[in-house]
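Worksheet: the structure to be examined is printed underneath.
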Number of protein chains: 2
Amino acid sequence: MAAMGLLPVPTAYAGPPDLAPYSGNGVRVVVLGAGIAGMTAAYELSKAGYACTVIEGRRRPGGRNWTIRGGDKVEESDAVQRCSFDAGEHMYFNAGPARIPHHHKAILGYCKDFGVALEVIVNDNRATYLHGDGAFEGRPLPNRQVIHDSRGFVAELLAKAISRDALAEDVSVEDKDRLLAFVRSFGALTKDYSYKGSPRAGYEDPPGAGLSQGRLREPLSFKELLKSDFWEYKLYYSERFEQAATMLQPVGGMDRIAQAFARRLGETIKYDCVAKEIRKTGNGATVIYQDGTSQKLSIEADYVVCTIPLEVLATITNDLAPEFKSAIAACDYVKAAKIAFQADRRFWEEDHQIYGGISWTNRDITQIWYPSAGFHRDKGVLLGAYIWTNQIGERFGRLTPEQRLEAAVISGENIHPGYRLQVSRGVSVCWHKIPYSQGAWADWPPGARNLSYHILNRPDGPIHFAGEHLSYLTGWQEGAVLSAHAAVRAINDRVKARKG
Amino acid sequence: MAAMGLLPVPTAYAGPPDLAPYSGNGVRVVVLGAGIAGMTAAYELSKAGYACTVIEGRRRPGGRNWTIRGGDKVEESDAVQRCSFDAGEHMYFNAGPARIPHHHKAILGYCKDFGVALEVIVNDNRATYLHGDGAFEGRPLPNRQVIHDSRGFVAELLAKAISRDALAEDVSVEDKDRLLAFVRSFGALTKDYSYKGSPRAGYEDPPGAGLSQGRLREPLSFKELLKSDFWEYKLYYSERFEQAATMLQPVGGMDRIAQAFARRLGETIKYDCVAKEIRKTGNGATVIYQDGTSQKLSIEADYVVCTIPLEVLATITNDLAPEFKSAIAACDYVKAAKIAFQADRRFWEEDHQIYGGISWTNRDITQIWYPSAGFHRDKGVLLGAYIWTNQIGERFGRLTPEQRLEAAVISGENIHPGYRLQVSRGVSVCWHKIPYSQGAWADWPPGARNLSYHILNRPDGPIHFAGEHLSYLTGWQEGAVLSAHAAVRAINDRVKARKG
């Protein structure tokens, strides 16, 4: 029945690589990087008997999977910040990935296997705001109103066109009435197919007890709405395949996943060890790295899984083939940035009934994210900016940490008047200035995707590559995991053939 | 600035009644019913010094706020069931209210004050299914595909009409290009304004690592979609004012709220005491009730707050004025029903990546609800039916509990083939057969809403009325709380006037 398309078929992910026990015995693998890709590769290979060593430059696992809490240090290439949030399970922010789509089965599978507790992260919230300096005199508008007034206007226009028989060649006579009913329901139109606001778009006074029937909001001006940039993508952002409900997050911070991998890998991971040279040898590879005491050490391997972000890899001495070197240079990385503040009162919940979700602005901060953890607690951590375009990210990166916070406060005031008095202890992360990352995620230029990308999906001798950059899910942990699985399978196939 | 409409103004709820301390000293109030309305009234009055007694027929607080767990007994007028779910914080179902909208400030205020922990309940989930026997050969369709193919078709038709200048009288020439761009973004149209599927609607093969770019789903047939009943309301249900994100639930079950009230009220609540007669006296009222030992007792009060559902109140001897008796008889109650099953494997998560949310069918079960608690745990409790129309509710109520489960299993198979083998230990609640409730929530016929409803919003002498039925938020705990607040204020005003 599934083949006939009669049943809903779960998509194709069939679980992590299913390597035969002991199939890697006697085979040495060096994994470069203890991010999600590197730890996935080491975990799966180790299970099958491979002798793995993970070389990691930082003193913590996770790479860009990074949760920042009070006491943590944020080191950028030219500045150091110390996070001073109060303690508390909900008093964190995820500087890197913060969301897991429900269909990212590979990373969710590890969450399940490792017992990493998950909760919903609210991505779409009708109570948040949209703000644009060029629209509605800069007034922040409720998400529900913009979304549903837009729908209403679209439906009203379409109903007019149908009534005027402008679509007679597209719609049969017998479908016309059904289509009109469909459009009316779609846009919450009145009986005469006009849009006059609707409960979906919200109330001026909500219904209550006694004689409070509620009074609907007047619809926005459609002309003004067209002038805004809301509809370019902000209104539909949370309907994207990777952003649509249900979205999940680990309880207590995204690094719960990194920690779960790291616990299982134990001393397989060598922290504070920076890869300096990668050399192919006759029947394997040598990696030279520098440990915390600045000592240079060398390690031999039959295979290498290199998960180092390409911007960083390009700076490491290596004898990769020229086509590989060019491919590494062809990938761009997004200069994303985040700012987080502590708030001593959860004013977004108390004053605005905002429980999680995102407000949008045309200002550089782009977004304010409200936490989906710690509802109704005294304090909270708010994301005061999430920037993911290079131009703004670069501009933000040139500011000192103090200047970034000030800019974020000024822009936040447009969405939440009085914001300045509510937020404090800000901390920022500009990913292109973070050592060992030098960017937030890979962004292949279209030409490079068709050429260079394909090259790096093959090994150069004993050296295999993995990471989010080697997937069509760049920026997502799922891409990192799936690409690691691919590398693991490829190595295991070679080992099988050799031992065969 | 707020008055000029320049700032977003939080809606009008200004908190619970602000009674002066001791203002109720020496005043006796009998509250009938320890549901949310009754407990709210008793809690607020007690804080101001009123001497309250709550008479409650059941042995538990909460009324229709009722969470069912393993060991609980479900007594209907002609059948008894014993719930046999396994133990576990997430192994429950809320037979009555199960959702709290983010804007229900009054009930959320109590959650905050009482420290009742909240979590997100997923109401809208793009991974769930829509099933109709009359559409698409009865195939269950992914929510994301139906939602976004619908949008795509609407946008494509509108773009055609605009291109043909069929809307020239409604859209100025300078707006035409902007409107076309708007419509294209709205529906995820191609550059030539046609709809060919989109990532929003989902993939046949999702993007992955290596060379897996992903392959979009073919769009559904719009003609077939028009034939379905999906668009009548199912597609937009979760966009309603009361259903839109963020929706919340107490961690561990809705009755955490009832228990929090009950703990604060302590012995003020007399459980297992059934009101039998309500009489006005010269300067107050007398309530005669029967306790657990079948003893008839009587209690005097200066005021009564009667929160008994009107279907039940109509059966209690009283000397209310004739217009009040007619008003009580004029309200209908919805014959809603729920069925819950235990599943020993969370197949909806493992096989379908469904984390919370609702699947829809035209079958009597109407909905399958997936739990928003206990993600990735071994077991779970699934709502196998949520019926809220009288005709189906009555039909279900006439079945034995065993027959209801069998009907639910047969229908569930259409959404989840193999369902029968996955679910067990079913338990059902048909609200119109539950003593002390006799219905799920008030449904005022339009005429009665304009006449009878107004009568009951006034007191009959010392007797005030409260409950969800005395609000425009029928079926919601918020309506119960706000109507209790209104009764508390009205009584306090009279006491002030009398003492004054």
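In table form, for the structure just shown:
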{"quantity": "Normalised contact order of the range A:82-236, rounded percent, pairs of Cα under 8 Å and 6 or more residues apart", "calculated": "20 percent"}
{"quantity": "Of all DSSP beta bridges in chain A, antiparallel share, percent nearest 5", "calculated": "70 percent"}
{"quantity": "Furthest towards positive pole of dipole, A:I107, A:V74, A:A155, structure part the range A:71-228, Cβ charges", "calculated": "A:A155"}
{"quantity": "Exposure proxy ranking, count of Cβ atoms within 10 Å, fewest first, for A:H102, A:H148", "calculated": "A:H102, A:H148"}
{"quantity": "Exam field: B:K496 pseudo-label spacings to other copies (7 Å along Cα-Cβ), nanometres", "calculated": "8.2"}
{"quantity": "The range B:354-409: trypsin sites (Lys or Arg not before Pro) in DSSP coil with no more than 10 other Cβ atoms inside 10 Å", "calculated": "none"}
{"quantity": "Extreme residue, positive dipole direction of the protein assembly as shown, given options B:F85, B:T366, A:V427 (C-beta unit charges)", "calculated": "B:F85"}
{"quantity": "Residue order, fewest to most surrounding Cβ atoms within 10 angstrom, among B:K276, B:K160, B:K496", "calculated": "B:K496, B:K276, B:K160"}
{"quantity": "Cut-off 13 Å between beta-carbons: net charge of the residues surrounding A:Y472, Lys and Arg +1, Asp and Glu -1", "calculated": "-3"}
{"quantity": "Nm distances between copies for A:L421, ranked from closest, using label points 7 Å along Cα→Cβ", "calculated": "6.4"}
{"quantity": "Antiparallel DSSP beta bridges within the protein assembly as shown, as percent of all bridges there, nearest 5", "calculated": "75 percent"}
{"quantity": "Shape call, the range A:5-75: gyration tensor on alpha carbons, a/c limit 1.5", "calculated": "oblate"}
{"quantity": "Cα gyration tensor category, rounded, prolate or oblate, for chain B with a/c compared to 1.5", "calculated": "prolate"}
{"quantity": "Size of charge dipole - the range A:303-390 - debye, nearest 20, with Cβ of Lys, Arg +1 and Asp, Glu -1, no other charges", "calculated": "160 debye"}
{"quantity": "For B:T366, residues with placed amide H under 5 Å, excluding near neighbours", "calculated": "B:T361"}
{"quantity": "Dipole magnitude of the protein assembly as shown about its Cα centre (Cβ charges: Lys, Arg +1; Asp, Glu -1), debye to nearest 20", "calculated": "1340 debye"}
{"quantity": "Aspartates and glutamates with Cα under 19 Å of B:K73, excluding same-chain neighbours fewer than 8 positions away", "calculated": "B:E56, B:D86, B:E89, B:D255, B:D272, B:E402"}
{"quantity": "Over chain A: helical MRE at 222 nm, DSSP H runs n ≥ 4 each giving -39500 (n - 2.57), nearest 500", "calculated": "-9000 deg cm²/dmol"}
{"quantity": "Nearest-20 debye value, chain B charge dipole, Cβ charges on Lys, Arg, Asp, Glu", "calculated": "860 debye"}
{"quantity": "Pairs beyond 19 Å (Cα-Cα), from A:K196/B:K176; B:K227/B:K338; A:K191/B:K223; A:K47/A:K280; A:K276/A:K335; B:K160/B:K196", "calculated": "A:K196/B:K176; B:K227/B:K338; A:K191/B:K223; A:K47/A:K280; A:K276/A:K335"}
{"quantity": "Other-copy label distances relative to B:K276, 7 angstrom Cα-Cβ extension, nm", "calculated": "9.4"}
{"quantity": "Selection from B:A127, B:A181, B:G479 lying farthest towards where the dipole of the protein assembly as shown points positive, charges on Cβ", "calculated": "B:G479"}
{"quantity": "Ranked by how many other beta carbons lie within 10 Å on average, peptides B:292-302, B:413-423 from highest", "calculated": "B:413-423, B:292-302"}
{"quantity": "Mean Cα-pair separation over length for the range A:143-228, i.e. relative contact order, pairs under 8 Å, 6 or more apart, %", "calculated": "35 percent"}
{"quantity": "Length-normalised contact order for chain A - Cα pairs under 8 Å, 6+ apart - percent", "calculated": "21 percent"}
{"quantity": "Sum of side-chain charges, B:H148 neighbourhood, beta-carbon under 9 Å (Lys, Arg +1; Asp, Glu -1)", "calculated": "+2"}
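Each value in this text was obtained by applying a stated rule to the coordinates, not by laboratory testing. This structure is a prediction, so every number in the text was calculated from the model and none was measured. Reconstructed Cβ throughout: ideal geometry from the backbone, glycine too, with neighbour counts over all protein chains shown.
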